[in-house]
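A.B. asks: Dumping the structure here so I can ask a few things about it.
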């Protein structure tokens, strides 16, 4: 089997380690990821690419834009990157917007979002939870052990946070609407309340962790937050907190996006690479099956 030519373009520190891992898959070129992955060739310009790529790796996207953010803060357009691809190449990225998917698909490329891969999403919850704990430890004036934590929602990330905060001695309460989620939280050793009761109970907690991607920490809730508490919002933009109201009310809040890349870039980069390799392998196997 011929090894693919890979182009990794843009992203934060974790993509250095993604590129390093992908060197085991094929010949890797990097542009705008900052750093020197082992065995990879660093390009000063996309035009310096000496051969066409079979696999384009894009970073985790923060908007539905055709411009890809580089480590330097500059951007490179999808059009520039597409000029470096072979026909029918594989394009992978995280949280890909409609514009990016439609653009590369219109050129005949196969586009996949690695952040929809179960093996990545589940394992990525661990560095997210550890990063959340790190923020709490830095921002609270008390120890996390013996403190009280409330987590809104009870999906994968919330469950990982609940396990970790419980493990270090915090008393964890889960606030959710779904009755089965509340029952599961209680089975997992947490207290549980309906999210509609958050406003009247929020004063009891030192750490407030939001995982719900819609507005749940409203102004009326914020008015009851105790002075020394910290809100850590893990939901993707725009988050689930009224940040303007929090600022006006002098409530300490951190919108903690992309925590795996900040707190555990090596682990996160390897997890992304593993998902990409799985996508590539599955595509090759499908091609072989189709031909026969």
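The values are calculated or read from the model by the stated rules, or taken from the named source; none is laboratory data. All values reported here derive from a predicted model rather than from experimental measurement. Don't worry about glycine lacking a Cβ; one is built from the backbone with ideal geometry, like all the others, and counts go over all protein chains shown.
A.B. asks: Would you check if there is a residue in the range 194-209 being touching a helix residue (DSSP H, G or I) at 6+ places or on another chain (Cβ under 8 Å), closer than 27 Å to residue 13 by Cα and assigned by TED's automatic domain parsing to the domain that holds residue 149?
C.D. replies: yes
A.B. asks: Only strands (runs of 3 or more DSSP E) wholly contained in the range 4-61 count here; list those with 1 or more residues that are in contact with a strand residue (DSSP E or B) (Cβ under 6 Å, 6 or more places away or on another chain) and surrounded by fewer than 20 Cβ atoms within 10 Å (Cβ to Cβ).
C.D. replies: Fully inside the range 4-61 and qualifying: 27-31.
A.B. asks: Continuing with this model, one more query. If a residue must be over 15 Å from residue 167 (Cα atoms) and touching a residue at least 12 places away in the same chain (Cβ under 8 Å), how many such residues does the range 132-144 contain?
C.D. replies: Total meeting the criteria: 5.
A.B. asks: Here's another thing I want to ask about it. Check whether at least one residue in the range 99-117 is assigned to a strand (DSSP E or B), in contact with a strand residue (DSSP E or B) (Cβ under 8 Å, 6 or more places away or on another chain), surrounded by 15 or more Cβ atoms within 10 Å (Cβ to Cβ) and without any contact (Cβ under 8 Å) to a residue 24 or more places away in the chain, and report yes or no.
C.D. replies: The answer is yes; a qualifying residue exists.
A.B. asks: Which of the residues belonging to the range 182-225 are closer than 15 Å to residue 147 by Cβ, out of contact with any strand residue (DSSP E or B) (no Cβ under 6 Å at 6 or more places or on another chain) and without any contact (Cβ under 8 Å) to a residue 24 or more places away in the chain?
C.D. replies: Correct list: 203 only.
A.B. asks: Tell me which of these residue 121 doesn't satisfy, since it passes every other one: (1) at pLDDT below 95; (2) on the phi > 0 side of the Ramachandran plot.
C.D. replies: Status for residue 121: all satisfied but (2).
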